[in-house]
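Trainee: Structure in structure tokens, see below.
The values are calculated or read from the model by the stated rules, or taken from the named source; none is laboratory data. No experiment lies behind these values; they were computed from the predicted model shown. Here the Cβ positions follow ideal geometry from the backbone for every residue, glycine too, while neighbour counts run over all protein chains shown. Please note that ligands, DNA and RNA were not included when accessible areas were found on the heavy atoms of the full protein model with its side chains. Shrake-Rupley method; radii C 1.70, N 1.55, O 1.52, S 1.80 Å.
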Amino acid sequence: MKYSLVFAALVIAQLRGQVPRLADGHPDLGGDGVWLPERVPDLATRAGEIPLLDSAKLIFQQNGAAKNDPAARCLPPGVPRIMLTPRPFEIVQTANRILFVYEGGAHIWRQVWTDGRDHPKDPNPNWLGHSIGHWDGDTLVADSVGFNDQTWLDDAGHPHSEQLHVIESYTRTGPMTMKYDVVIDDPSSYARSWKFSSSLSFRPGEKLAEDICLDKISR
């Protein structure tokens, strides 16, 4: 009964275009529930023609032919791919950072620092990069660098190098919806920067479940 009342209240607020806010006035990107990304298996369906360089085009073709998906070996999906897969995640806002806690990808987590710090001058490449963020009005802008080159940008196998620079914009448009905009810049893989948009849906009252990843390739 309590869940039904909460859900009904969120639906009414959504129809009125109301965005939940924290005491500091910023939109509340979290709340009692989880976010579920829209599934986007191939970014070409959103970005149009993707400006692959010849070297990256060859890697893309090899990825598609071999079906050697790193995520199938329980490796972290990377960014933005983890935000394009319909597995729930939670957002936790604190005074100096915003945490993304994922059910998929073997329960990985990510932090976006909002305390004004810069990126490290020589970041150690890792799976989810180094992220700093700021508010542009009601939109959280996350700027990420320092990725390794072991992940795919999407299920289709679009590659990237360690020069990958991702700028994400999170705009909560109501209690049940969030717009997700992304700019991809990687001069070693793409002739120019390119962008796409997706969406997220809020599931009130739901929690992250235990996730066990099994290697689907070497078994």
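Trainee: Along region 53-61, what does the Karplus equation 6.51 cos²θ - 1.76 cosθ + 1.60 (θ = phi - 60°) give for ³J(HN,Hα), rounded to whole Hz, x for Gly and Pro?
Mentor: Values, residue by residue: 6, 4, 5, 6, 5, 5, 4, 4, 5 Hz.
Trainee: Can I ask one more? Quick one: which residues, 5 or more positions from Arg97 or on another chain, have an amide H under 5 Å from its amide H? H modelled 1.01 Å from N in the peptide plane, none for Pro or chain starts.
Mentor: Under 5 Å from the amide H of Arg97: Thr114.
Trainee: Also, I was wondering about something else. State the answer as a single residue: which of Thr173, Ala191, Gly146 lies farthest towards the positive end of the charge dipole of region 145-219, with beta carbon charges of +1 for Lys and Arg and -1 for Asp and Glu, about the Cα centre.
Mentor: In region 145-219, that residue is Thr173.
Trainee: Can you work out ³J(HN,Hα) from phi for every residue in region 88-105, in order, using Karplus 6.51 cos²θ - 1.76 cosθ + 1.60 and θ = phi - 60°, giving whole Hz and x for Gly and Pro?
Mentor: Taking θ as phi minus 60°, the curve returns x, 8, 10, 10, 10, 9, 10, 5, 10, 6, 10, 9, 10, 10, 9, 6, x, x Hz for region 88-105.
Trainee: Report the one residue of Pro70, Gly129, Pro159 whose Cα lies farthest in the direction of the positive end of the charge dipole of the chain (charges on C-beta: Lys and Arg +1, Asp and Glu -1; origin at the Cα centre).
Mentor: Pro70
Trainee: Pick out, in residue order, every one of the trypsin sites (Lys or Arg not before Pro) in region 34-97 that is DSSP loop and has at most 10 other C-beta atoms within 10 Å; say none if there are none.
Mentor: Details: sites: Arg39, Arg46, Lys57, Lys67, Arg73, Arg81, Arg97; in loops: Arg39, Lys67.
Filter output for region 34-97: Lys67.
Trainee: Now for a separate question. Probe radius 1.4 Å, ligands and nucleic acids ignored: give me the carbon and sulfur share of the accessible area of the chain as a rounded percent. List each step's numbers first, then the result.
Mentor: Details: 5890 of 11150 Å².
Result for the chain: 53 percent of the exposed heavy-atom area is carbon or sulfur.
Trainee: Give me the percent of DSSP beta bridges within the chain that run antiparallel, rounded to the nearest 5. Don't skip to the end; give the middle numbers.
Mentor: Details: 48 of 51 bridges.
Within the chain, antiparallel bridges account for around 95 percent of the total.
Trainee: For region 38-97 and region 113-133, what is the separation of their C-alpha centers, rounded to whole Å?
Mentor: 19
Trainee: Okay, next question. Probe of 1.4 angstrom, ligands and nucleic acids ignored: what's the accessible area per residue over the chain, in square angstrom?
Mentor: Working: 11150 Å² over 219 residues.
Heavy-atom SASA per residue in the chain reads 51 Å².
Trainee: Loop sites only, by DSSP: take the GluC sites (Glu not before Pro) in the chain that have at most 11 other C-beta atoms within 10 Å and name the longest stretch containing none of them. Working shown, then result.
Mentor: Values: sites that count: Glu49, Glu210.
The longest uninterrupted stretch comes out as 50-209.
Trainee: Using modelled amide H (1.01 Å from N, peptide plane; none on Pro or chain starts), what sits under 5 Å from the amide H of Val34, excluding residues fewer than 5 places away?
Mentor: Counting only residues 5 or more places away or on other chains, the set is Arg203, Gly205, Glu206.
Trainee: Can you list which of the trypsin sites (Lys or Arg not before Pro) found in region 128-216 are DSSP loop residues with at most 12 other C-beta atoms within 10 Å? Working shown, then result.
Mentor: On the way: sites: Arg172, Lys179, Arg192, Lys195, Lys207, Lys216; in loops: Arg192, Lys207, Lys216.
Counting only loop positions with at most 12 other Cβ atoms within 10 Å, the trypsin sites (Lys or Arg not before Pro) in region 128-216 are Arg192, Lys207, Lys216.
Trainee: Quickly work out the His119-to-Thr45 label distance, labels modelled 7 Å from Cα along the C-beta direction, and quote it in nm with one decimal.
Mentor: 3.0
Trainee: I need the Kirkwood Rh of the chain: take the reciprocal of the average 1/r across all distinct C-alpha pairs and report it in angstrom.
Mentor: Working: mean 1/r = 0.0548 Å⁻¹.
Result for the chain stands at 18.2 Å.
Trainee: Once fully extended, how much extra length lies between Ser188 and Asp24, figured as 0.36 nm per residue of separation less the alpha-carbon to alpha-carbon distance?
Mentor: Values: separation 164, 0.36 × 164 = 59.04 nm, distance 4.04 nm.
Result: 55.0 nm gained on full extension.
Trainee: Using each residue's phi in region 68-74, evaluate 6.51 cos²θ - 1.76 cosθ + 1.60 at θ = phi - 60° and report the 3J(HN,Hα) Karplus result to the nearest Hz, with x for Gly and Pro.
Mentor: 8, 6, x, 5, 6, 9, 6
Trainee: Let me ask something else. Give me the dipole magnitude in Debye, nearest 20, for the chain about the Cα centre, with unit charges on the beta carbon: positive for Lys and Arg, negative for Asp and Glu. Can you show the working numbers first?
Mentor: Working: 22 positive and 28 negative charges, 103 e Å.
Computed about the Cα centre, the dipole is about 500 debye.
Trainee: Relative contact order for the chain: what percent, with Cα pairs under 8 Å and sequence separation of 6 or more? Before the final figure, lay out the partial values.
Mentor: Numbers: 466 pairs, mean separation 58.5, N = 219.
Taking the mean separation of contacting Cα pairs over the length of the chain, I get 27 percent.
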